Each structure stands twice: as C-alpha cells, then as structure tokens.
C-alpha cells in the first residue's frame, strides 16, 4: 500500500506534513510518498533529523512536483493549469494506481475539483461530500457535508444520507446507523426550504434506500450518542464543524486554567488526573484525523488546513485504515447494485 501525501498543502506546510509522515511511518505498514518540491523536502528532513530520507525509512519516498496550489487560487483554474502542482501530481498518481489514497490539507475547493475532474465521481452520485468524524457521548459522530458543497439540492442531502449509511455500516460495523438531518428544530415543518424539502425526500425514500432516518436533529443533540451521522449542506456543516472545534478548545483551555489556578487547585487535581486526561483525549479532534471525500472512485482525504504534525500523523494512520477497510470499493459496489435494481 502506498499513501500519497501532499507535502506542500496546508498552513504549516511543508514542516508539519513531513514531521507527521515521519512520526506515522513506524506505526503503519504502508509506504508514504511525500509529493512536492524535492529539494525543499530533502533539506527540511536534513534540518530536522540530520539524516537523508533514505536513512529514516525505506518506506518513505519523494515524488517531485514543482508547483503548489495556494489557498487563494481559483480551484478549477488551478487544477487545469498547475499540472505539476503537488495536488495534481497526487491525483494523477492515484488515478494511475501509483498510490492507494491521497491526503491533502490544501485548498478545499481545488481538492474537490481535482477529485471530481481527475479521479472521477462514482456513478449514481451527483456530488461527492466531505465526511468528517467528531467525538460524541461514548461514541462518534459522522458529519456530512463538512464543507465541500456550499449550495445543495434535496437530492444531494438524500445521497449524503445514503453514503453515510454505507460508509458507517461497512467501515465501522454499525448495521443500522441513525441518520439525522441538521435543523433548527425537530418538527417536520421547521427550517428553510432546502431542509424542509430534504426532510420530505428522506422520509419518502428511506425505506427504499435502507436509510435509518430518525428525523430532524438540533445541534445541541448531535453529540448525544444516539445519532451516528448528521446530514447538512457544506456551508452549514463547515460552520458547525469549526464551531465545535472552537468550543472544544475553549473547554479544554478553561478547564486547564481552572485546575491550575492556585496551589490548592493543583493539589486537588492530582487524584483526578486520569479522568481529566481521558476527557481531554475525548475532546481532542486531532485524534480523529481528516475527512474522507465520499463519492469519488478512489480514497481522497482532506486534512485540516491548520493541521500540525500530530494531526498529519493521525490522518496518515486513518488513511491506511480506509484502504484496508475498502471503504470506497464497498461504496462503488452498493451504488452499482442500486443502479442495476433501478434498471430491472
């Protein structure tokens, strides 16, 4: 297995990308190919570790790419014209079976455009979507779409629910995942036109498509542990995602400051440290890695734009599991089966 990593994508590139890959390489079985400007990657590795890349691990490789897609670039234009960018080179390697999964923390729009134009959509899926994993009470929560489609139609949200069901069942072993529609209230009549029409479509098609649709879900109930996935458009989903991450950081910071405010607080904290550390680990979104683009023919993973070396480490380990679990292959099989049944 070969994991392709865009070494030049993200706010902290290439330093965090390289360090994360080197941290992950001895925890996985796969090869990791760093894609980007070879001279910069080699000099960074020499600077950080005092070694050549070949001395660190025989499973760590470099693929030279002379260009970089920047955050401010127009997505489709960049994909079409920056043909030797780390992102486009990675997509082409994935398409030509020179790699098994591609990870990038770069321009989200360009990643979606490249995944769609160069790798291709699964037949039967109108729009691929970002599926991110978040912590929930004694469980985890799948958020789809986490930011790739800011304008959606009801059919898109129906397909997001369908993809979530297939993904959670085949990859996480949840036989009948509970799928909720993110809304401002639980009542059927609540929400804007997109949400109301999507509700009716999900209600109508759920049994036919084997979706365990549980209705509207308010943001405050999303982490109850009773919901396995929440479906929404990419604009709302991205706001929800970043608000959740920000709240998690606030809670961790406030808790830490409260527990270390004075000597008495510090002494009283000592017996509680194991529980506090478990809580911090649960709240740490970095351990959940990146978001898989559901709906494209090969595994493409979007890492956070602000990823540090630790988040790249976890995302690489997560990507290996995506390939091992055949998440995309099973998605293709399910939609092929559905299309055959529709044509009978």
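Test of understanding: ordering 175, 309, 333 by Cβ neighbours within 10 Å, fewest first, what list do you get?
Going from sparsest to densest Cβ surroundings: 175, 333, 309.
By its C-alpha gyration tensor, with a ≥ b ≥ c as the square roots of the eigenvalues, how is segment 41-128 shaped: rounded for a/c under 1.5, else prolate for a/b larger than b/c, else oblate?
prolate
How much length, in nm to one decimal, is gained on full extension between residue 269 and residue 204, taken as 0.36 nm per residue of separation minus their Cα-Cα distance?
18.1 nm
May I ask you to sort 59, 339, 127 by Cβ crowding, counting other Cβ atoms within 10 Å and putting the fewest first?
Listed from fewest to most nearby Cβ atoms, that is 339, 59, 127.
Using alpha-carbon pairs under 8 Å, 6+ residues apart, how would you state the relative contact order of the chain in percent?
Contact order relative to length: 23 percent.
Diagonalise the Cα gyration tensor of segment 126-288 and give the resulting equivalent ellipsoid semi-axes, square root of 5 times each eigenvalue, largest first, whole Å.
Over the Cα atoms of segment 126-288, the ellipsoid semi-axes are 35, 16, 13 Å.
With springs only between Cα atoms under 10 Å, which of 14, 58, 299 fluctuates most in a Gaussian network model of the chain?
In the Gaussian network model the winner is 58.
How high is the relative contact order of segment 117-183, in percent, counting Cα pairs under 8 Å that sit 6 or more residues apart?
22 percent
Roughly speaking, what is the centre-to-centre gap between segment 218-257 and segment 1-15 when only Cα atoms are used, to the nearest Å?
26 Å
Could the peptides 185-194, 17-26, 228-237 be put in order, highest first, of the mean number of other beta-carbon atoms found within 10 Å of their residues?
Most protected by this proxy first, the peptides run 228-237, 17-26, 185-194.
Please arrange 329, 308 by counting, for each residue, the other beta carbons lying within 10 Å of its beta carbon, fewest first.
329, 308
Taking Cα pairs under 8 Å and at least six residues apart, what relative contact order does segment 126-288 come out at, in percent?
RCO, segment 126-288: 30 percent.
Once the convex hull of the C-alpha atoms of the chain is built, how many Å³ does it hold per residue, rounded to a whole number?
So the per-residue hull volume is 154 Å³.
Need the C-alpha centroid separation for segment 37-98 versus segment 187-213, integer Å.
So the two Cα centres are separated by 42 Å.
Tally the DSSP beta bridges in the chain and give the antiparallel ones as a percent, rounded to 5.
Expressed as a percentage, antiparallel bridges in the chain total about 30.
Just order 320-327, 83-90, 49-56 by mean Cβ neighbour count inside 10 Å, highest at the front, would you?
83-90, 320-327, 49-56
Would you mind putting 252-262, 105-115 in packing order, based on average other-beta-carbon counts within 10 Å, highest first?
Descending mean neighbour count gives 105-115, 252-262.
Rule-based calculations on the coordinates, nothing more; no lab input. This one's a predicted model, so the numbers in the text were calculated from it and none came from an experiment. Please note: Cβ atoms are built from the backbone with ideal geometry, for glycine as well, and neighbour counts cover all protein chains shown.
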